[in-house]
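The values are calculated or read from the model by the stated rules, or taken from the named source; none is laboratory data. Because the structure is predicted, anything quoted here is derived from the model rather than measured. Here Cβ is always computed from backbone atoms with ideal geometry, including for glycine, and neighbour counts include all displayed protein chains. To get the accessible areas, we keep the full protein, side chains included, count just its heavy atoms, and leave off ligands, DNA and RNA. Shrake-Rupley method; radii C 1.70, N 1.55, O 1.52, S 1.80 Å.
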Amino acid sequence: MSAPRILVVEDEVAIQELLRYSLEQSAFQVVITASAEEAFAEIQRRLPALVLLDLMLPGMSGVALAKRLRAEGRTRELPLIMVTARVEESDRVQGLDLGADDYVTKPFSPKELIARIRAVLRRRAPHLAGDPIAIGPVRLDPASRTVTCDGREVSLGPTEFELLHYLMTHPNRALTRDQLLNALRGDHRFLEDRTVDVYIRRLRAGLGPAGDNLIETVRGIGYKLSSHRE
Ligand code: CA
């Protein structure tokens, strides 16, 4: 899997540079935008793993962008950390009310910020946090990009790998094709609805009989990976 992409929305060049350096050092991909408008356009193109949002911006404010993201289905669940120079308690409360996952005030320590980003990703987007995961006979390690089923190594294409990773980190839930596409779209923005079915078919074939059993088709909805089945 490619490194999680962090979208930075920040108009101060010095802070942009500090964030780019710290994030890249920690093996994140970084996209910098200098306004909420620019960030919104970038998010429409491709979903980042997480948005680091400065509140005080020229033009549309960070608060307005956060509201807009939370109002749309595609971005409602997008992990969001607000960054601001303002330190008043009322701002913090407002930020969290808007659905921010965390809130960081300037000046911040890059080390602490990275730790918070990882914590939010682990909680909100476990498929991007990089932890190994095992369900039933299947074991997946994002760091080495390996999958084993009953101890036998399984060879999967990059999209099938990401799909399996997402299913394994969201078990026992009927996931719609849209949800699955959104999870993949970060890197595969030209996929269409029915393409999911093709990748699921390849994924099941790759896993063999155990995989067929693990990934259920939920009629009229999409797919579900059950952790209680053997
Ligand atoms: Ca600013």
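Are any residues in the stretch 13-22 out of contact with any Lys or Arg (no Cβ under 9 Å at 6 or more places or on another chain) and either near the ligand (Cβ under 10 Å from one of its atoms) or of a type outside the set (A, V, I, L, M, F, W, C) (or both), and if so, which ones? Let's see the steps before the verdict.
Here is the first cut: in the stretch 13-22, the ones out of contact with any Lys or Arg (no Cβ under 9 Å at 6 or more places or on another chain) are 13-14, 16-21.
Residues satisfying the conditions are 16, 17, 20, 21.
With the condition kept exactly as written, say whether any residue in the stretch 13-26 is among the aromatic types (Phe, Trp, Tyr) and either buried (at least 21 other Cβ atoms within 10 Å of the Cβ) or under 17 Å from the mean Cα position of the chain (by Cα) (or both). I'd like the intermediate steps shown before the answer.
The initial filter retains those residues of the stretch 13-26 that are among the aromatic types (Phe, Trp, Tyr), namely 21.
Checking which are either buried (at least 21 other Cβ atoms within 10 Å of the Cβ) or under 17 Å from the mean Cα position of the chain (by Cα) (or both) leaves us with none.
So far as the stretch 13-26 goes, no, none of its residues is among the aromatic types (Phe, Trp, Tyr) and either buried (at least 21 other Cβ atoms within 10 Å of the Cβ) or under 17 Å from the mean Cα position of the chain (by Cα) (or both).
Are any of the residues in the stretch 115-127 at pLDDT below 90, in a loop (DSSP other than H, G, I, E, B), open to solvent by 40 Å² or more (accessible area, probe 1.4 Å) and in contact with an Asp or Glu (Cβ under 8 Å, 6 or more places away or on another chain)? Explain how you work it out, then say what you get.
Narrowing the stretch 115-127 to residues at pLDDT below 90: 122-127.
When the remaining residues are screened for being in a loop (DSSP other than H, G, I, E, B), the result is 125.
The next check asks that each one be open to solvent by 40 Å² or more (accessible area, probe 1.4 Å); those that pass are none.
No, the stretch 115-127 has no match at all.
Okay, residues lined up against (1) open to solvent by less than 30 Å² (accessible area, probe 1.4 Å); (2) hydrophobic (A, V, I, L, M, F, W, C); (3) away from the ligand (no atom under 14 Å from the Cβ); (4) without any contact (Cβ under 8 Å) to a residue 60 or more places away in the chain:
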position: 32; (1), (2), (3), (4): no, yes, no, yes
position: 41; (1), (2), (3), (4): no, yes, yes, yes
position: 57; (1), (2), (3), (4): yes, yes, no, yes
position: 65; (1), (2), (3), (4): yes, yes, no, yes
position: 69; (1), (2), (3), (4): yes, yes, yes, yes
position: 102; (1), (2), (3), (4): no, no, yes, yes
position: 110; (1), (2), (3), (4): no, no, yes, no
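Quickly run through the stretch 131-146 and pick out the residues that are touching a residue at least 24 places away in the same chain (Cβ under 8 Å) and either small (Gly, Ala, Ser) or touching a Gly at 6+ places or on another chain (Cβ under 9 Å) (or both).
Result: 136, 137, 138, 142.
Looking at the stretch 67-95, which of its residues are farther than 14 Å from residue 40 by Cβ, at pLDDT 85 or above and of a type in the set (Val, Ile, Thr)?
Going through the stretch 67-95, the residues farther than 14 Å from residue 40 by Cβ turn out to be 73, 76-77, 79, 81-95.
Those left that are additionally at pLDDT 85 or above: 76-77, 79, 81-83.
Correct list: 81, 83.
From 27, 49, grab the single residue that is away from the ligand (no atom under 12 Å from the Cβ), at pLDDT below 85 and under 17 Å from residue 128 (Cβ atoms). Write out each step before concluding.
Working: 49 fails: at pLDDT below 85.
Among 27, 49, only 27 is away from the ligand (no atom under 12 Å from the Cβ), at pLDDT below 85 and under 17 Å from residue 128 (Cβ atoms).
Regarding the stretch 220-229, can at least one residue be identified that is of a type in the set (D, E, K, R) and in contact (Cβ under 8 Å) with a residue 60 or more places away in the chain? Can you show your working first?
We begin by selecting, within the stretch 220-229, every residue of a type in the set (D, E, K, R); these are 224, 229.
Still in the running and in contact (Cβ under 8 Å) with a residue 60 or more places away in the chain: 229.
Among the residues of the stretch 220-229, at least one is of a type in the set (D, E, K, R) and in contact (Cβ under 8 Å) with a residue 60 or more places away in the chain, which makes the answer yes.
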